[in-house]
Amino acid sequence: MYHERDRETLIVIKPDAVRGSDSDVVSRFEDVGMKIMGMKMVRRGSAARGHYSEHVDKEFYDRLVEYMKQGPVVAMALEGVNAVENCRKIIGDTNPKDANPSTIRGRYGHMSFAHADGSDSTHQNLVHASATPEEAEKEVGIWFEDDELHDYRIGSEEHVR
Ligand code: IDP
Ligand code: MG
């Protein structure tokens, strides 16, 4: 595993995207040459709690955890150049309503904070991606054991080292 800054990130395909859009989500990251170091489907509310600990005091926290427990999720540890920055660009704005249609959240969703907060709905936005390299390191550790992360070479590494 690389330890260079911003070389790894954590993606979680949330329950709404697992129901039909998961292969598209995975291919969006593979299409740009990111490498999947680890990937697994899990149903683990406790991990969702630790994962979102920075939001524990927010009004929407309980609904956020409820959302993450609505079905299985797929966690992926990805490696690549500026992994965090590139993956945040690919997933788009937190609010699908505001996300560019070329991003995952903008293409596969249209949820808004106003709707979620005003209707007791969960705020479904398909995918999580770590927001900083520090968050990425913490989150890869929450979701993966060391022996679940794999070192191998993919085709794009012949061009992007
Ligand atoms: P991020 O997922 O783009 O990093 P965060 O601010 O870290 O966004 O929020 C975590 C998740 O919590 C979001 O993906 C979204 O589903 C939910 N969320 C954030 N802000 C609100 C809100 O104001 N109302 C309802 N849900 C929210
Ligand atoms: Mg976040």
TODO: Place a label point 7 angstrom from the Cα of ILE154 along the Cα-to-Cβ direction, then list the residues of segment 76-91 whose backbone nitrogen is under 11 Å away.
DONE: 77-81
Open item on the list: Looking at the calculated P(r) for segment 13-73, what percent of the C-alpha pair distances fall above 20 Å?
Closed with: 37 percent
- [ ] Sum -39500 (n - 2.57) across every DSSP H segment of at least 4 residues in the chain, then divide by the residue count to get the 222 nm mean residue ellipticity, nearest 500.
- [x] -10000 deg cm²/dmol
- [ ] For the chain, calculate the relative contact order in percent as a whole number, restricting contacts to Cα pairs under 8 Å that are 6 or more residues apart.
- [x] 35 percent
- [ ] In whole Hz, with x marking every Gly and Pro, tabulate ³J(HN,Hα) for segment 24-33 from phi via Karplus 6.51 cos²θ - 1.76 cosθ + 1.60, θ = phi - 60°.
- [x] 5, 5, 4, 5, 4, 7, 5, 4, 8, x
- [ ] Report ³J(HN,Hα) in whole Hz for each residue of segment 126-132, in order, from the Karplus equation J = 6.51 cos²θ - 1.76 cosθ + 1.60 where θ = phi - 60°; Gly and Pro get x.
- [x] 6, 8, 10, 9, 3, 9, 9
Open item on the list: For the pair ASN82/GLU134, report the inter-label distance in nm, with labels modelled 7 Å from Cα in the Cβ direction.
Closed with: 2.1 nm
Task: Distant-in-sequence amide H partners of ILE154 (H built 1.01 Å from N, under 5 Å) - done: none
Task: Cα-centre dipole for segment 80-161 with unit charges at Cβ (Lys and Arg positive, Asp and Glu negative), debye to 20 - done: 600 debye
Task: Sorted by Cβ neighbour density within 10 Å, fewest at the top, the residues THR103, THR9, THR132 - done: THR132, THR103, THR9
Task: J(HN,Hα) series, segment 102-116, from Karplus relation 6.51 cos²θ - 1.76 cosθ + 1.60, nearest Hz, glycine and proline x - done: 7, 9, 4, 5, x, 7, 10, x, 8, 4, 10, 4, 4, 5, 4
Task: Estimated D of the chain in µm² per second, where Rh is the Kirkwood radius over Cα pairs and Stokes-Einstein applies at 25 °C, 0.890 mPa s - done: 154 µm²/s
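None of the figures in this text is laboratory data; all of them are computed from the coordinates on show. This structure is a prediction, so every number in the text was calculated from the model and none was measured. Positions of Cβ are backbone-derived with ideal geometry, glycine not excepted, and every protein chain shown enters the neighbour counts.
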